[in-house]
Amino acid sequence: MSTSYDVVVIGAGPAGYVAAIRAAQLGMNTVCVDNWLTLDDKPALGGTCLNAGCIPSKAMLESSELFHRAEHEFESHGLSVGKLELDLARMQKRKAGVVSELTGGIAGLFKANGVASKTGTGQIVDSGKVKVIGHDGDEETLEAKHIIIASGSVPVELDIAAFDGDRILDSRGALEMDEVPKKLGVIGAGYIGVELGSVWSRLGSEVTILEAVDEFMPVADRGIATEALKTFKKQGLDIQLGARVTGTKVNKKSVRVEYTQGDENKSETFDRLIVAVGRRPNTANLCAKDTQLELDDKGFIDVNESYRTSLPGVYAVGDVIGNPMLAHKGMEEGTVVAEMLAGQKPHMNYDVIPSVVYTTPELAWVGRSEAQVKAAGLDYRVGQIPFAANGRAKAMGEQGGFVKMIADANTDEILGVHMIGPYVSELIQEIVVAMEYKASSEDIARTIHGHPSLGETVHEAALAVDGRPIHFPPRKKK
Ligand code: FAD
Ligand code: NAD
């Protein structure tokens, strides 16, 4: 078998597998090296996203939401299902099945596109040389014209709450629990905290989330963050802001967490504790001792606008080069770097990357928040329409949430759209396309949306930017 390639990709997560497939499509002889092992020590492609992130979390969010709906909403539809029971083992098995079908799918895509796949840890030993250390200790050296690092990220660990795989869990462990903890603590009210907190809360846990910062979800527009906090609290998530964890003590069947909030010292005992305080770049053992890769002050691999690292012929994409740590951002960077290597001139638009939080209601946004637009000193107009004014939402029993559109007051170009409500993870895609084409709010307002559909709320929000919504009273002119 060949050991000389045009491209060696290190890491088969969304950034790496997409880079490898695109490079092969463009005629480059490509190999992808990955060291992920499943919990029963089997190699699996797809990285964090497919094995322990996006996909298993969404499978558990879906199952737990169905459980919650059957328990709390079916009756109002005239549906009686008798005594509802949770079979967590079966739910976990379904999730594992979804994951293995998708990770197997990547292997199929590699084959179909002619990407070679190697299992083991890739280490750059020199420009153009990658040593692959197999899980069995066997070593092989690959030669490459180009090396693409896509080694991803790993959970941040707190010294005062070290992961033990039993009482104190990272996000991977939090997706694998085999019983519903009666009391669940979560440190960090970010994406993972609210998504996984929601999963276990719907399945019956009493969930407390301790967040160090005083503001809830500072990355989101204040409008949707405020509405989300109110709704999550109503659902029973006990979200404590400004709560700084100072220590933990693990007992046989519980973990005690000490924290300060304002001037008060507080403590709480949980059956399990999830630590979800962010992720850090995975650069461990990427380079042999005498090969230096420059990192930025946060430990991300430093790259220029062409994804070149400080080592000649070595590129990097995905979580390992920095925020936002999102699968779709990494996938696009993977595509772009492969196309650059093939001599094309692709473009990565960092201004139009959607963010989605898959809670109920979902949160989704793209572009600038109102605070960012204000801080930039721009003149702007806002249109905001609640889902309560939407026929489809009413038929679905989904009355909460809204769509908020921000457009430049002079040019009418859409600057940002922020949504909270049903399936906004899907609705946001229309705005992504619109913003990619630099659409105005009037472009959306003049686009015919199917009736009845949730998308009509996006349409009405665009009309509302100009103060002329049809299915909701317009704002009174001052
Ligand atoms: P990764 O997916 O981390 O993949 C890196 C791969 O490289 C891994 O397989 C790793 O084992 C391998 N590797 C590392 N070093 C080496 C080496 N030296 N040699 C060989 N292989 C190596 N993002 C979203 O966009 N949407 C979501 O809904 C979402 N949900 C998430 C839920 C959870 C619980 C978590 C933890 C994350 C979630 N994310 C989500 C984030 C998403 O998973 C990451 O942004 C994405 O996986 C990053 O892709 P990547 O290819 O850069 O790295
Ligand atoms: P995050 O950055 O989203 O949130 C971490 C939270 O922990 C922040 O609110 C932060 O203020 C808080 N925090 C930090 N240190 C703390 C401490 N010592 N005590 C209490 N709170 C503390 O990180 P995450 O939730 O771990 O997720 C990691 C990344 O994975 C996300 O940033 C995101 O990029 C990605 N992700 C995306 C999705 C999605 O797209 N739906 C879902 C899950 C994860």
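Here, each number is a calculation from the coordinates, and none is a lab measurement. Quick caveat, the model's predicted, so the values are computed rather than measured. Note: ideal-geometry Cβ built from the backbone for every residue, glycine included; neighbour counts use all protein chains shown.
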So residue 310 and residue 396, fully extended at 0.36 nm per residue minus their Cα-Cα distance, gain in nm 25.6 nm
If you wrap the chain's Cα atoms in a convex hull and average its projection over all directions, what's the area in nm²?
26.1 nm²
Taking the alpha-carbon centroid of each part, what is the distance from segment 234-297 to segment 91-133 in angstrom?
29 Å
What is the chain's relative contact order, in percent, from Cα pairs under 8 angstrom and six or more apart in sequence?
15 percent
Do you know the relative contact order of segment 168-277, to the nearest whole percent, from alpha carbon pairs under 8 angstrom that are 6+ apart?
35 percent
Can you list the lysines whose alpha carbon sits under 23 Å from that of residue 111, skipping same-chain ones fewer than 8 residues off?
42, 131, 145
Using the Kyte-Doolittle scale, which helices in the chain average at least -1.0 and also have C-alpha atoms spread 24 Å or more along the helix axis, with helices defined as whole DSSP H runs?
54-72, 88-113
Which value in Å is the Kirkwood Rh of segment 399-443 over different Cα pairs?
10.9 Å
Under the helix-only model (-39500 (n - 2.57) for each DSSP H run of 4 or more, divided by the residues of the chain), the mean residue ellipticity at 222 nm, to 500 deg cm²/dmol, is -9500 deg cm²/dmol
Taking Lys and Arg as +1 and Asp and Glu as -1, residues besides residue 373 with C-beta under 15 Å from its C-beta add up to -2
To the nearest Å, what is the center-to-center distance of segment 395-472 and segment 27-55, using C-alpha atoms only?
37 Å
Local electrostatic count at residue 254 - Lys and Arg +1, Asp and Glu -1, tallied over other residues with Cβ under 15 Å
+1
Exposure proxy order (Cβ contacts within 10 Å, fewest to most) of 159, 138, 170:
159, 138, 170
Taking 0.36 nm per intervening residue step and subtracting the Cα-Cα distance, what contour gain separates residue 72 from residue 206 on full extension?
46.6 nm
Which cross-chain or sequence-distant (5 or more) residues have an amide H under 5 Å from the amide H of residue 274, H modelled 1.01 Å from N in plane?
169, 185, 186, 187
Can you tell me the dipole magnitude for the chain around its Cα centre, using point charges on the Cβ only (Lys, Arg +1; Asp, Glu -1), in Debye to the nearest 20?
900 debye
Cα gyration tensor, segment 168-277 - rounded (a/c under 1.5), prolate or oblate:
oblate
Over 27 Å (Cα to Cα) among 58/404; 183/234; 234/266 -> none
Ranked packing of 327-337, 354-364, most packed first, by mean Cβ within 10 Å
327-337, 354-364
Signed unit charges on C-beta, dipole axis of segment 341-466, positive-most listed residue 375, 463, 437
375
Sequence gap at least 6, Cα distance under 8 Å: using those rules, report the relative contact order of segment 352-465 to the nearest whole percent.
32 percent
Summing +1 for each Lys or Arg and -1 for each Asp or Glu, what net charge is found among the other residues whose Cβ lies under 13 Å from the Cβ of residue 295?
-2
Test of the criteria: in segment 400-469, which chymotrypsin sites (Phe, Trp or Tyr not before Pro) are in a DSSP loop and have at most 11 other Cβ atoms within 10 angstrom of their Cβ?
437
Stretch gain in nm, segment residue 348-residue 233, where the contour uses 0.36 nm per residue and the Cα spacing is subtracted:
37.6 nm
Provide the percentage of antiparallel DSSP beta bridges, counting only those with both residues in the chain; round to the nearest 5.
65 percent
